[in-house]
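The values are calculated or read from the model by the stated rules, or taken from the named source; none is laboratory data. Just so we're clear, the structure is a prediction, and the values are computed from it rather than from any experiment. Ideal geometry is used to build each Cβ from the backbone, glycine not excepted, and the neighbour counts take in all protein chains shown.
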Amino acid sequence: MKQISTLFLGFCLLGLTHCASQQINSLSLGKYDNPRANKVEPEAKVTFLQAEKYFFEKNFDKALPLYQNIKNKFPNGKAVQLASYRIGSIFYYQKDYNSASKEFEYFLGKFPRSEITFDVTYNWAAAEFQQEKAEKANEVLSRLKLPDVYAQGPKRAEIVFQLAAQVSTAMGNNSGAALAYLAELQIPLSEFTREKLEVSIAKSINAIQNTNELNRLLTQVKEERFRDRINNRIAVLGLQAEPQITQNIGLPTPPPLSQEPILKNQNLISGTVGERSTVGIVLPLTGKFSSYGKKALDAILLAAKSYSPFKDTNLQLVVEDSRSNPILAAHAVEKLVNEDHAMAIIGPLSWKESLFAADKAQELGVLNISLSSKDGIADRGVYIFQNALTPKLQLESLVSHCIKNLKISRFALLVPNNNFGNEYSSYFWNAVTRLGGKVMAFDSYNPDEKDFQKNVQELVGLNPKYRRLEFSKLLEYQKDQKAKTGKDPKVKLEPIIDFEAIFIPDSPKIVAQIAASLAYYDIKDITLLGTTEWNSDQLYQRGGQYVAGALFPGGLSPSSQNPTQVSFIKSYHDAYGTNPDLLASQAYEAMHIVISALRTASSSDRNELVTFINNQKTFSSPLGSDVSFDGTRVAKRTVPIFKLESNGAVVQQ
C-alpha cells in the first residue's frame, strides 16, 4: 500500500465521528492538484475547477449548481463521477441527509466500479444512519469488505469501524459492535484510543444477554483476553440462570475477570499484612512454559543469594508451580497470601497467567511484580507492576535512536497480518508520530507467505496500478527494442524510495527472505529495523550481507562493555554454566527490587512495599542502566540498541 498519505484523501465525509468542517480541512485533496481533476474532460475542466474552488471555500450555494450543470452536460464522462460525489457531499454537509442518500445511491447505480466507490459507499451508509435508518446503513456497509477497509490506511479504517460499531449498537447487535471494535483494534492507534476501545468492547460483551450469541461471538474472536471476557460473561449468565449447578473439574474455580476494566488509580487496601521475610514466587515450572519458568527461577534464586534484606533474619522464598495454567496461577497467589503470608509475589510469565494472578493479587492487596512482556498487566490495579521489556518500550527506544541519533525520520512498515504484527506496528507507528517522524509506506503480508516480491513492489511503487503511464511506456520501449535487436532489454522501472528505514516485526528467517527481495529490486542503503528477536546468530546466518546494518532493541550481549552487565553475565554463568538472557535479567532485577523494598519496610504492612516502589526514582539493573516505575507501574529503562555489522558481529550503539 504505497504512499498512505495520498490514498483517496478528501473523498470521505466521515461525518459521524468528526464535524464536517474539520474533515474538509484535514482530509480534502489540494484545491488545484487533485489528480482526478486532471482526468475530467477538457470541455468540463474549467467549470469543474471553478466548482472545486467554491467547494473548498465552503461556498456550497455557488458550488452546487456548477456540479449539477456538469452532471447534466456530461452524463457519462469522468467529470460526472466527481460532480455527483460532490453533490452528495454538499447535501450531507447541509444536513439534507435524504438528498445525500439519493445522490450516493444514484452514483453507485451508475458507477459501481469507480475509483471512489469505497468512499461513496461509506458516505451513503453514514447518510442513512443520520436518518436513523440503522438497518439500511448496515446493509450498505456490508458492501465494504474487511481487506478493503484495512487497505484505506489507519485513519480512514478507524472511522469506518466506528460507524460500523454505532450502526450495530443501534440495531441492538452487540456482537456486531464488539467485532467492529475488535477490527479497529488491529490498526495502529494511539494508546488513549486503544484504552477507550477496550472499554467499548467490554461494554458490548457485557450487554449481550444470550449465551448462544456469546458462543457464536467466541468462534469469531481469536485474542485470548477477549475470549476470556466472553467466557466470563457466559459463566455469569449461566450462574444467573442455574445457580444450583456447579461443575467440579478437579481445579479451583478461576477468578472471574472483572466485568469492566480495572481503573488505574484505585486506593490501596487498608489492613493488608504479611510476614516480612516471606516472598512468593509463581512460575510455570511444568507445562508448556516450564523452560522459561525454570530460567526465571534460577535468576531469582541468584538474586536472593546476592542480596539480603535483613541482618538478623533469613529471606524465605515460597515457590509455587503454576503448571502453565492461569487458573492455578491465581490459586497460587491466593495460597501465598492467605497461607504463607507473603509480603510480595513475583511472576508469572505468560499473558493469560499474569492476568489471572494480577486480578487475584489486586483483590487480596499484595504487591505483584509480573514478568510478562505484554502490555496491559499493570492496568489491573495499584498492586500490580510489570518488570519486563514491553513492546511499547522496545519500539519507542528504537524509534528514538533512529530519529534523535541517526536523523532517520521517514519510515516504511512491512508487517505480518496477525495480532503480533498489528500490535507491534501500532506501537512503532505511534512512536514515529509522537517523535516527529513520518510513516511513508505500509503493507502487510500473510504470516504464511513465502514470496515477498509483491509486498516489496507495493512499498516502492512498482505495482503497475500506481504508475500506469510509466509502465505503459516501458512496455512500448521493451517491445521496440526487442524488435530492433532481437533481445529483451534489461531496463526496468526504478523504485520510488522515499523512506530511510523499514520496520519488519518478524523472525530472522522471514526477515532474511524479505531482505533478499529488497535487494532484488535494487532497494539499497535502507536500514532494517526489528525486535529483540533479531538479537540472535540466526539473523546473520540466514540473511548475510542483505541484513548488515540492521538495528534492533536488545537486552544482554556477551560482547557488552558495560561493567554492570559484564558482572551480571559472569555471576550467572559461574552459577549455571550458561549466559543469561533477557528474561533471566528481568527476573533477577524483580527480586532485587522486592529486596530493596523489604529493606525499607518498617512493618509487615504490604502497602509499604507498593509505596516505596512508587516513590523510588531508580533501581539498579543488571542490564546496565537504571530502571524506574512511573504512574503506569510499568518498568521504564533506557533500552540498548544493537547493530548487526557486516562481519556478523552485534554491537551496542
Checklist entry - Quick check: is even one residue across region 61-76 outside the structural domain of residue 152 (by TED's automatic domain parsing), under 38 Å from the mean Cα position of the chain (by Cα) and among the aromatic types (Phe, Trp, Tyr)? => result no
Checklist entry - What is the one condition in (1) assigned to a loop (DSSP other than H, G, I, E, B); (2) within 27 Å of residue 88 (Cα to Cα) that residue 169 does not satisfy? => result (1)
Checklist entry - Restricting attention to region 639-653, which residues are exposed (fewer than 15 other Cβ atoms within 10 Å of the Cβ), of a type outside the set (Gly, Ala, Ser) and touching a residue at least 40 places away in the same chain (Cβ under 8 Å)? => result 645, 651, 653
Checklist outcome for this item: How many residues of region 543-600 are within 16 Å of residue 653 (Cα to Cα) and under 29 Å from the mean Cα position of the chain (by Cα)? The answer is 10
Checklist outcome for this item: How many residues of region 639-653 are in contact with a Gly (Cβ under 9 Å, 6 or more places away or on another chain) and assigned to a loop (DSSP other than H, G, I, E, B)? The answer is 5
Next on the checklist: Of the conditions (1) part of a helix (DSSP H, G or I); (2) in the same structural domain as residue 346 (by TED's automatic domain parsing), residue 602 satisfies every one except a single condition; which number is it?
Outcome noted: (1)
Checklist outcome for this item: Taking region 415-458 and keeping residues over 17 Å from the mean Cα position of the chain (by Cα) and crowded, with 18+ Cβ neighbours inside 10 Å leaves 437, 440, 452, 455, 456, 457, 458
Checklist entry - Does residue 605 count as of a type outside the set (S, T, N, Q) and in contact (Cβ under 8 Å) with a residue 60 or more places away in the chain? => result yes
Item to check | Candidate set: region 111-124, residues that are touching a Ser or Thr at 6+ places or on another chain (Cβ under 9 Å) and crowded, with 23+ Cβ neighbours inside 10 Å; chosen: the one nearest to residue 85 (Cα to Cα) | outcome: 120
Next on the checklist: Tell me whether region 56-73 contains one or more residues that are modelled with pLDDT of 85 or more, of a type in the set (D, E, K, R) and under 26 Å from residue 112 (Cα atoms).
Outcome noted: yes
Item to check | Matching entry among 234, 187, 205, 230 (being assigned by TED's automatic domain parsing to the domain that holds residue 169 and not in a helix (DSSP H, G or I)) | outcome: 187
Item to check | Scan of region 605-624 for residues that are touching a strand residue (DSSP E or B) at 6+ places or on another chain (Cβ under 8 Å), crowded, with 23+ Cβ neighbours inside 10 Å and either in a loop (DSSP other than H, G, I, E, B) or among the polar types (S, T, N, Q) (or both), ordered by number | outcome: 606, 621, 623
Checklist outcome for this item: Residue set 103, 115; condition among the acidic types (Asp, Glu), outside the structural domain of residue 189 (by TED's automatic domain parsing) and under 30 Å from the mean Cα position of the chain (by Cα); output residue 115
Item to check | Positions within region 163-184 being under 17 Å from the mean Cα position of the chain (by Cα) and in contact (Cβ under 8 Å) with a residue 24 or more places away in the chain, in sequence order | outcome: 179, 182, 183, 184
Checklist entry - Given the structure, is residue 500 under 25 Å from residue 293 (Cβ atoms) and at pLDDT 90 or above? => result no
